[in-house]
Amino acid sequence: MVNRPDNPAPPPGGQPDPAAGFAVTEWLSDSGGSSDVVISSRVRLARNLAGHPFVHKATRDEREAVLQTCRDWILSTKISDRIMWVDLHESPAIERNLLVERHLISKQHAKGKPAPTAGTPVAAAEEPRGVAISIPDERLSIMVNEEDHLRVQMIRAGLALDTCLEAASAIDDKIEAGLDYAFSPKFGYLTACPTNVGTGMRMSVMLHLPALKITGDIDKVKRAATDMNLAVRGFFGEGSDAVGDLYQISNQTTLGKPEGAVLTDLQDAIIPEVVQYERVARRNLMSKRRVALEDQVYRALGCLRHARMIGADEAMQLLSLVRLGVVLGLIDEVNAKAASLLWLLVQPAHLQRVVGRELDQEHRRIERATLIRDRLRGT
Amino acid sequence: MKCDRCDNDATVHEVTVRNGVKVEKHLCEACAAGEGIAGASLGELLTKFMTQEAEVGAKPKQVHKPRVAACPGCGFTFDQFRQAGLLGCPACYKAFETLLTPLIERAHEGATQHAGKVPKRIAARAAGREEEAATEAALARAQIRERQERLKVLQRQLDEAVRGEQYELAARLRDQIRKVDITIIPKPKGVQERSEP
Ligand SMILES: [Zn+2]
Ligand SMILES: [Zn+2]
């Protein structure tokens, strides 16, 4: 599609959601396998171009050259029916934050401050970097000049690591047809950080685990995951708290084990076990602590329906309980999709986009409460 | 002086006094890296190694700069890598292989050899089909360039048609552009205008 000034492009997103006046990202669509527990699946491949310094060591000109090369190839090689490219160094902060909240770029990529490196001049904040995103589905995003030259990411709703891996690998092949990757037979795909070397692949699943949180068994899951060399993180990845009872589980090691083996471990063994654990915990709450559970769920709904000011974290936590109530059939006038979508819409950049203007902290709290009340109105 | 554990020169010398007994260690850089980091989480493990922080209950540690040449690809030294936590370029892996290997081994549950996907071009090269792979890539690139050129011309004509208010022509050109099998990025709201490459 050709962009004309009289034909303004839609904001990044899938089908417009008329109620929000805003597009819905697909991975939050509450569909796919085990969607009562699994929110989304994601596969990310780290790749670098042969013969170029890694991003943090590269001069501005070298970064610009890599960006140009990657952008030209990505945009012309028919990687997806429609691709949107965003030059992040030229786009306003709110746009970048929108992409972070939609999990299409990392926080680091939005900020653009590379890790300071000794012997390299401290880089300006706005170093050349970008992202390609498949639209309208937003399943694919390719970050250019993040920590590695290229980071190819596929994200899908529900438990779908296999589909993500297959798609990401196909995109990887298309990119490689035109660009020379840095690769060594011994260490595999060479990455800026040696912790990603090998397959360069990070597989992660975002899980909604409210019942395990209530019963306290979540700590056992975390310990077990750590023992299996898996990382457990929050909604926004590294260093983020598990707000909204959302946890991301991902592989830590990338060398010595083929992609398919990592996939089988996670998708066929580990994740189904966690899912089962959460389901059992939910059933137990229903049979043994029903009134207490109902109390929590209905209080959460009541609070969301009547609050006049609310912060993002509090909203996420209450929405988690509402979603649990919906999935368990305790609440029938709200659907799970609406609850999970609100997880996204209550985030600052989305909220401001929905409202259509910049808001200070206090007004965000007010508008957030209004948006939630509107969307969770009883019938 | 040789390393206590291998045949490399010892560059790290450590003297600890434990319960009144003096313990001396003379290690090479690689073996020293392996000391005192077992059992730490991956994140800790790396930062610890890279910043050379002593472990809890810090022991006096005297570190001599390793005599490892800088990477011929980018000029990065191993010390710089340790400060940055990131390597300078792909060639660093070769240049620092001996020092890196034990670190990589620890970060990846003991693995030091890649298993899994291999880039098609490299697989073809290994199978002696290098030319075939190179030709394919060159062809693909040529095709893309051609389409890009064609598109640029059409776009220019379209701009002129619009400027000249020749709307019928503009509509035809727009159709043609759509037919050229290439995607032009729509400009999302708020993303600044930039010229197409
Ligand atoms: Zn040694
Ligand atoms: Zn180097």
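Overview of values
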quantity: Ranked A:Met316, A:Met228, A:Met206, criterion: other C-beta atoms within 10 Å, fewest first; calculated: A:Met228, A:Met316, A:Met206
quantity: Unsatisfied cross-links (Cα-Cα over 29 Å) in the set A:Lys107/B:Lys152; A:Lys78/B:Lys120; A:Lys174/B:Lys152; A:Lys222/B:Lys94; A:Lys78/A:Lys107; calculated: A:Lys107/B:Lys152; A:Lys222/B:Lys94
quantity: Inter-site label distance for B:Thr112 and A:Arg279 at 7 Å from Cα along Cβ, in nm; calculated: 4.4 nm
quantity: Convex hull volume per residue in cubic angstrom - Cα atoms of the range A:289-377; calculated: 74 Å³
quantity: Gain on full stretching of the segment that runs from A:Asp268 to A:Glu294 - 0.36 nm per residue minus C-alpha separation; calculated: 6.1 nm
quantity: Calculated on alpha-carbon atoms, Rg and Dmax of chain A in Å; calculated: 21.2, 64
quantity: Ascending count of other beta-carbon atoms within 10 Å, so fewest first, for A:His56, A:His306, A:His89, A:His149; calculated: A:His306, A:His89, A:His56, A:His149
quantity: ³J(HN,Hα) computed for each position of the range A:60-72 - Karplus, 6.51 cos²θ - 1.76 cosθ + 1.60, integer Hz, glycine/proline x; calculated: 4, 5, 5, 5, 4, 5, 5, 4, 4, 4, 5, 4, 4
quantity: Compactness index (Cα Rg / 2.2 N^0.38 Å), the range A:224-300; calculated: 1.40
quantity: Residue order, fewest to most beta carbons within 10 Å, for A:Arg82, A:Arg156; calculated: A:Arg82, A:Arg156
quantity: For A:Phe183, distant residues with modelled amide H under 5 Å away; calculated: A:Leu190
quantity: Inter-label distance for A:Arg305 and A:Asp180, nm, one decimal - labels placed 7 Å from Cα along Cα-to-Cβ; calculated: 6.5 nm
quantity: Long-range HN-HN contacts of A:Gly234 with modeled amide H, under 5 Å; calculated: A:Gly239, A:Ser240, A:Gln248
quantity: Residues whose placed amide H lies under 5 Å from that of B:Ala115, excluding near-sequence neighbours; calculated: A:Gly256, A:Lys257
quantity: Two-site FRET efficiency, A:Ala93 against A:Asp374, from Cβ-Cβ distance with R₀ of 30 Å, rounded to 0.05; calculated: 0.70
quantity: Derived scalar couplings ³J(HN,Hα) [the range A:306-321; Karplus, 6.51 cos²θ - 1.76 cosθ + 1.60; whole Hz; x for Gly, Pro]; calculated: 10, 4, 9, 8, 7, x, 5, 5, 4, 4, 4, 5, 5, 5, 4, 5
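Each value in this text was obtained by applying a stated rule to the coordinates, not by laboratory testing. These figures come from a predicted structure and were not determined experimentally. All Cβ positions, glycine included, derive from the backbone under ideal geometry; neighbour counts span all protein chains shown.
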